[in-house]
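The values are calculated or read from the model by the stated rules, or taken from the named source; none is laboratory data. Quick caveat: nothing in here was measured; it's all calculated off a predicted structure. Note: ideal-geometry Cβ built from the backbone for every residue, glycine included; neighbour counts use all protein chains shown. These accessible areas exclude ligands, DNA and RNA; they are computed on the full protein's heavy atoms, side chains included. Shrake-Rupley method; radii C 1.70, N 1.55, O 1.52, S 1.80 Å.
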Amino acid sequence: MNPSRYFPLPPQVDFPRSGRSASVDPFASKEDVSKDFPMHLSLTAPLTIRHIVSRKPYELLPVAMARATPSTDPTLWRKFVKLGGRVLPITLEDTQRVREYMRAHGTEALSEDGERAFTLNGEFLAECDPGVCGEPDHLALAEH
């Protein structure tokens with residue numbers, strides 16, 4: 001007996017940049033889903049920057065957050081920036097471009113793959129956790 005014939009399997013979601021996929025549980029709570037899925041990225045032209053040492057290019061997209069400016073709240077900022085997280089040194093020119101891009105898209109978090117996000121911290125991109133700022137209402141899952 002093939003159980004999937006009688007009990008359809010949950011749909012698969014593929015994340016092309018990371019090569020990962022995940023099953024979607026239609027009965028999962030908002031908390032369960034936020035642990036398993038990457039952040040919401042705005043689909044727009046990416047900002048390309050280069051690591052100052054390795055010269056590796058990064059194509060960053062804005063991350064949608066309910067509270068777009070965690071830097072205005074010191075308590076939230078301490079939760080937002082990941083202590084011991086990855087840091088990417090960038091040029092002064094790229095620093096200014098990142099600042100303008102974030103301002104234009106109303107966010108303080110950028111991500112290349114939807115799994116790891118960065119924010120501007122001085123002349124560096126520092127790893128951050130946009131989840132502490134919440135999801136915008138139009139992206140949040142409906143509560144059952």
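Computed quantities for the displayed model
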quantity: Cross-chain or 6+ apart pairs with Cβ under 8 Å, the range 39-56 first and among the polar types (S, T, N, Q), then surrounded by 11 or more Cβ atoms within 10 Å (Cβ to Cβ) and at pLDDT below 90; calculated: Ser42/Ala64
quantity: Scan of the range 51-67 for residues that are assigned to a strand (DSSP E or B) and either at pLDDT below 90 or in contact with a Lys or Arg (Cβ under 7 Å, 6 or more places away or on another chain) (or both), ordered by number; calculated: Pro57
quantity: Only one of Thr95, Thr44 that is touching an Asp or Glu at 6+ places or on another chain (Cβ under 8 Å) and not in a strand (DSSP E or B); calculated: Thr95
quantity: Tally, over the range 76-92, of residues that are touching a residue at least 12 places away in the same chain (Cβ under 8 Å), in a helix (DSSP H, G or I) and open to solvent by 40 Å² or more (accessible area, probe 1.4 Å); calculated: 2
quantity: Test: residue in the range 114-127 that is in a helix (DSSP H, G or I), at pLDDT 90 or above and farther than 18 Å from Ser42 by Cα; calculated: no
